[in-house]
1. Find, among the trypsin sites (Lys or Arg not before Pro) in the stretch 9-104, those assigned to loop by DSSP (not H, G, I, E, B) with at most 16 other beta-carbon atoms within 10 angstrom.
2. Could you compute Rg(Cα) / (2.2 N^0.38 Å) for the chain, with N its residue count?
3. To the nearest Å, what is the center-to-center distance of the stretch 1-34 and the stretch 57-73, using C-alpha atoms only?
4. Provide the three semi-axes, in whole Å and in decreasing order, of the ellipsoid equivalent to the stretch 1-43 as defined by the square roots of 5 times the Cα gyration tensor eigenvalues.
5. If you line up the Cα atoms of the stretch 19-69 on their principal axes, what length do they span on each, largest first, in Å?
6. In the chain, carbon and sulfur make up what percent of the accessible area (probe 1.4 Å)?
7. Just give me a number: lysine pairs in the stretch 34-112, eight or more positions apart or cross-chain, with C-alpha atoms less than 19 Å apart.
8. So for the chain, averaging the separation of alpha carbon pairs under 8 Å that are six or more residues apart and normalising by length, what relative contact order in percent results?
Amino acid sequence: VQLQASGGGLVQAGGSLRLSCAGSGSIFSDMAWYRQARGKQRELVAGAAADGKTTYAEPVKGRFSIFRDNDKNTVYLQMNRLKPEDTAVYYCHAEVVGGNYWGHGTQVTVSS
């Protein structure tokens, strides 16, 4: 099982980025994005359940959108109105029957 994340980068405050995470090797149920800022614990950003239900952390509600393309086994995170406090390494996460997997991180840096 592999999760390949992409789409991070450097953007000015107020800008947008879209992260992608393509999965292979299994059928994924719940998929999510987490982030970890320097010196802080990893935290959930947004989740997309297999039934289509989505959840968001309070700091990103109204700015970020998570959506998935099940045919492509891919989950996306559209990030709008980015803030410097969104700066972190972003990780995708996916659950499969009997386990769960993490993708490698992708750095998002928001300059003020």
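The values are calculated or read from the model by the stated rules, or taken from the named source; none is laboratory data. Keep in mind that what you see is a predicted model, and the values were worked out from it rather than measured. Note that each Cβ is placed from the backbone with ideal geometry, even for glycine, and that neighbours are counted across all protein chains shown. Areas reflect the complete protein model, heavy atoms only, side chains present, ligands, DNA and RNA absent. Shrake-Rupley method; radii C 1.70, N 1.55, O 1.52, S 1.80 Å.
1. Of the trypsin sites (Lys or Arg not before Pro), the ones in loops of the stretch 9-104 whose Cβ has at most 16 other Cβ atoms within 10 Å are 38, 40, 42, 53, 61, 63, 72, 81.
2. Numbers: Rg = 13.2 Å, N = 112, 2.2 N^0.38 = 13.2 Å.
Taking the Cα Rg and dividing by 2.2 N^0.38 Å, one obtains 1.00.
3. 10
4. 24, 15, 9
5. Here the spans come out as 33, 23, 15 Å, largest first.
6. Using a 1.4 Å probe with all protein chains present, the chain comes out at 47 percent carbon and sulfur.
7. Values: 40/83; 53/61; 53/72; 61/83.
Here the count comes out as 4.
8. That works out to 37 percent.
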